[in-house]
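Novice: I'd like to ask some things about the structure below.
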Amino acid sequence: MHKLGFPARLHGGFTLIELMITVAVVSILAALALPSFLDSVRKGRRAEAVGALTQIQQAQERWRANHGSYADNDQLSTAPPAGLGIPETTADRNYQLALSNVSAAGYTATATATSSGRQHGDTGCHKIVLRLAGGNVFYTSVDASDQDSTADARCWSR
């Protein structure tokens, strides 16, 4: 017995209180770290869309050099020489790719988060848009409520 009348611990295990404190500390740390981790994962998937739009931009410039105008949406996934040869979805199927407003002077390429992809929950950058008009490239984005979120630089961060 100890001096104070408490029995000495015979085994070196954890008490229930020590275990509960450890679980609480780990839970708090996980709650603080998880949102940051998920945001990093979303940002990585956005890079997939940005890469696909850049690939479309390069393919469009090659097409225009040979044909005098830009390829339309029907020629997006058609294999060269009849089209750009770009798949209609990104490699992980997180984004649907499309062309619109195609003319001799420009086009709009859009990567939209698919409803079946893991990026569907990215409400701030639901659509990532590359628009070429008059030789100038504009980078914009649209959130899930179809509001222009151009001021949100996270969608196009490089």
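Novice: With everything on Cα atoms, drop me the angle between helix 16-67 and the longest principal axis of the chain, reported from 0 to 90° to the nearest 10.
Specialist: Value to nearest ten degrees: 10.
Novice: Which whole-number percentage describes the relative contact order of the chain, with Cα contacts under 8 Å and a sequence gap of 6 or more?
Specialist: With pairs under 8 Å counted, the relative contact order is 14 percent.
Novice: Could you list Val50, Val23, Val129 so that the one with the fewest beta carbons within 10 Å of its beta carbon is first and the one with the most is last?
Specialist: Going from sparsest to densest Cβ surroundings: Val23, Val50, Val129.
Novice: In square nanometres and to one decimal, what's the mean projected area of the convex hull around the Cα atoms of the stretch 30-111?
Specialist: The number I arrive at for the stretch 30-111 is 5.9 nm².
Novice: Let me ask you something else. If a/c stays under 1.5 just call it rounded; otherwise compare a/b with b/c (prolate if a/b is bigger, oblate if not). Do that for the stretch 16-156, with a ≥ b ≥ c from the square roots of the Cα gyration tensor eigenvalues.
Specialist: prolate
Novice: Let me ask something additional. Choose one answer from Gly13, Gly135, Gly44: the residue with the largest mean-square fluctuation in a GNM of the chain with alpha-carbon springs under 10 Å.
Specialist: Maximum fluctuation in the GNM of the chain, among the listed residues, is at Gly13.
Bear in mind these aren't lab numbers, they're just calculated from the coordinates by the rules spelled out. As the structure is a computational prediction, the values presented were derived from the model and not from experiment. FYI the Cβ positions are ideal-geometry reconstructions off the backbone, even for glycines, and counts take in every protein chain you see.
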